[in-house]
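The values are calculated or read from the model by the stated rules, or taken from the named source; none is laboratory data. Predicted, not measured: the structure shown is a model, and the values here were computed from it. Cβ coordinates were reconstructed from backbone atoms using ideal geometry, including for glycine residues, and neighbour counts include every protein chain displayed. All accessible areas refer to the heavy atoms of the entire protein, side chains included, with ligands and DNA or RNA removed. Shrake-Rupley method; radii C 1.70, N 1.55, O 1.52, S 1.80 Å.
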Amino acid sequence: MISLVNSADSALRTRAQRVIPGGLWGHMNAANLPEGYPQYFAHANGCRLTDVDGRSFVDLMCAWGPIILGHRNPLVEAAVHEQSMQGDCMNGPGPILVELAELVVDMVPHADWCLFGKNGTDATTSCVTIARAGTGRRKVLVARGAYHGAVPWCSPSVAGVTEEDRAHLLHYRYNDLASVDAAMERAGADLAAIVVSAFRHDFGFTQELPTPEFAHHLRSVCDATGAALVVDDVRAGFRLDLRGSWERLGVRPDLSAWSKAIANGYALSAVTGRDWLRQAATEIFTTGSFWCSAVSMAAAVATLTELRRLDAPAHMRLMGERLRQGLAERAAHHGLAITQTGPVQMPTLLFQDDPEWQKGSAFCAETLRHGAYLHPKHNMFLSCAHTAADIDAVLDAADAGFRFIAR
Ligand code: PMP
């Protein structure tokens, strides 16, 4: 185990405890970190990350998704620099807004229009608001346990949340058609939207890809009732398919929420939608002081253009397959039973018979000590900066982690 006692990291944590509630909010709180994991980072480049104590790791979390071309990608940084020399936060957007909107509408087949915000939560919340405005109805179906953001309608915590905040939410189980039908029946004529994650990527659990039957069923019940099908592509967007994660299933949503990877780490989110919701998207009031900042839009144009040029999902798939196969071989070599699920570009590794993730956390801590930053519960993320040599370095580190657990 790496000791963080007397480290720069622990000094920062101690100072933070005094001035920041809980030391840090949300998913990056120390309580959620495996033993020995650093909380603070000094710099990052490509697929490598260096903590404040100077330890470097091959990064398999990619800032929890946003980093898709690699940290500090030169093309993105050049676009950012050029735009910041012109202006960022002005009295209105720069021309880059229209360029970006044209690019997104061109890339995403269901998109007749798009609008931008900062966080994924902005995008998912706007989708729900647009669906309600466009249908004049209230009920929204969401999968039990799915994450769609950090505001009262969808927060995983109930602290500070009222029943009224969620009065019109109804739940179904991912990939379970009967549970969708049961929730639809409860919604009756008041169904505004069905919100669905690109795949089932719930924290700490086996990941599930949508079955074609499930995806087509959601499309057809939305068509039959006039409700909006909303795909939350905030996490998976641009890693599985640049056109939208459900395009391969032959199912096009009415609205999609995007963020994370759209601007390679710069704060931006997007809603894409179909024409029948254009008027609703015009009528709702959605905005923010920083939502027209030109720098993150310039980062997004550079990112999306480069993702297209590279055929990014294909590269990440190749690297992901190498990782999955290598991890399976090494775990088997040590006689360990692991479960690898989710798309290979966004892998989740869980140990069998490990309900409290103790083996997973110990494995990650030892793997970290050997130079790779993995996660024991959350899906991980590959980027275009990962090469075969980087994946092999991860596998060598993981081998040490598996050996530790086998002992
Ligand atoms: N939807 C999904 C599927 C997400 O994974 C996230 C973020 N993890 C969000 C919405 C919310 O995005 P943000 O944290 O940028 O508000």
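Residue by residue, here is whether (1) closer than 18 Å to residue 368 by Cα; (2) under 22 Å from the mean Cα position of the chain (by Cα); (3) open to solvent by 50 Å² or more (accessible area, probe 1.4 Å); (4) assigned by TED's automatic domain parsing to the domain that holds residue 264 holds:
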{"position": "19", "(1), (2), (3), (4)": "no, no, yes, no"}
{"position": "25", "(1), (2), (3), (4)": "no, yes, yes, no"}
{"position": "31", "(1), (2), (3), (4)": "yes, yes, yes, no"}
{"position": "34", "(1), (2), (3), (4)": "yes, yes, no, no"}
{"position": "37", "(1), (2), (3), (4)": "yes, yes, no, no"}
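When the stretch 187-200 is examined, which residues are found to be open to solvent by less than 10 Å² (accessible area, probe 1.4 Å) and within 16 Å of the ligand (Cβ to nearest atom)? Selection gives 193, 194, 195, 196, 197, 198, 199.
Residues that are in a loop (DSSP other than H, G, I, E, B) and either at pLDDT below 95 or in contact with a helix residue (DSSP H, G or I) (Cβ under 7 Å, 6 or more places away or on another chain) (or both): does the stretch 213-223 have at least one? Before the answer, list the steps.
To start, the set of residues in the stretch 213-223 that are in a loop (DSSP other than H, G, I, E, B) comprises none.
Within the stretch 213-223, none of the residues are in a loop (DSSP other than H, G, I, E, B) and either at pLDDT below 95 or in contact with a helix residue (DSSP H, G or I) (Cβ under 7 Å, 6 or more places away or on another chain) (or both).
Here residue 127 meets the list (1) within 16 Å of the ligand (Cβ to nearest atom); (2) open to solvent by 30 Å² or more (accessible area, probe 1.4 Å); (3) of a type outside the set (Gly, Ala, Ser); (4) in contact with a strand residue (DSSP E or B) (Cβ under 8 Å, 6 or more places away or on another chain) almost entirely, failing just condition (2).
Residues being open to solvent by less than 10 Å² (accessible area, probe 1.4 Å), charged (D, E, K, R) and within 9 Å of the ligand (Cβ to nearest atom): count how many of those fall in the stretch 233-258. Here the count works out to 1. One residue alone among 144, 137, 132, 173 is open to solvent by 60 Å² or more (accessible area, probe 1.4 Å), at pLDDT 95 or above and either outside the structural domain of residue 262 (by TED's automatic domain parsing) or over 18 Å from residue 210 (Cα atoms) (or both), and that residue is 132.
For every residue, the table says whether it meets (1) within 23 Å of residue 204 (Cβ to Cβ); (2) of a type outside the set (Phe, Trp, Tyr).
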{"position": "306", "(1), (2)": "no, yes"}
{"position": "338", "(1), (2)": "yes, yes"}
{"position": "344", "(1), (2)": "yes, yes"}
{"position": "347", "(1), (2)": "yes, yes"}
{"position": "357", "(1), (2)": "yes, no"}
{"position": "375", "(1), (2)": "yes, yes"}
{"position": "379", "(1), (2)": "yes, yes"}
{"position": "407", "(1), (2)": "no, yes"}
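Provide a single number: the residues in the stretch 78-93 that are over 16 Å from residue 309 (Cβ atoms) and either outside the structural domain of residue 305 (by TED's automatic domain parsing) or crowded, with 19+ Cβ neighbours inside 10 Å (or both).
Pass one, the stretch 78-93, residues over 16 Å from residue 309 (Cβ atoms): 80-93.
Subsequent filtering for residues that are either outside the structural domain of residue 305 (by TED's automatic domain parsing) or crowded, with 19+ Cβ neighbours inside 10 Å (or both) retains 80, 83.
Of the residues in that region, 2 qualify.
For residue 273, the conditions (1) within 12 Å of residue 115 (Cα to Cα); (2) out of contact with any Cys (no Cβ under 9 Å at 6 or more places or on another chain) all hold with the exception of (2). Within the stretch 355-365, can one find any residue that is touching a residue at least 40 places away in the same chain (Cβ under 8 Å) and in a loop (DSSP other than H, G, I, E, B)? Yes, the stretch 355-365 has at least one match.
When we screen 122, 106, 112 for residues that are open to solvent by 50 Å² or more (accessible area, probe 1.4 Å) and touching a residue at least 60 places away in the same chain (Cβ under 8 Å), the only hit is 112.
For the stretch 154-169, the criterion of being closer than 29 Å to residue 240 by Cα, touching a helix residue (DSSP H, G or I) at 6+ places or on another chain (Cβ under 6 Å), within 16 Å of the ligand (Cβ to nearest atom) and in the same structural domain as residue 264 (by TED's automatic domain parsing) is satisfied by no residue at all.
Among the residues making up the stretch 336-360, a single one is closer than 19 Å to residue 33 by Cβ, among the polar types (S, T, N, Q) and open to solvent by less than 40 Å² (accessible area, probe 1.4 Å): 348. Can you pull out the residues in the stretch 259-288 that are in contact (Cβ under 8 Å) with a residue 12 or more places away in the chain, farther than 19 Å from residue 108 by Cβ and more than 16 Å from the ligand (Cβ to nearest atom)? 279, 283, 284 - these are the residues of the stretch 259-288 that are in contact (Cβ under 8 Å) with a residue 12 or more places away in the chain, farther than 19 Å from residue 108 by Cβ and more than 16 Å from the ligand (Cβ to nearest atom).
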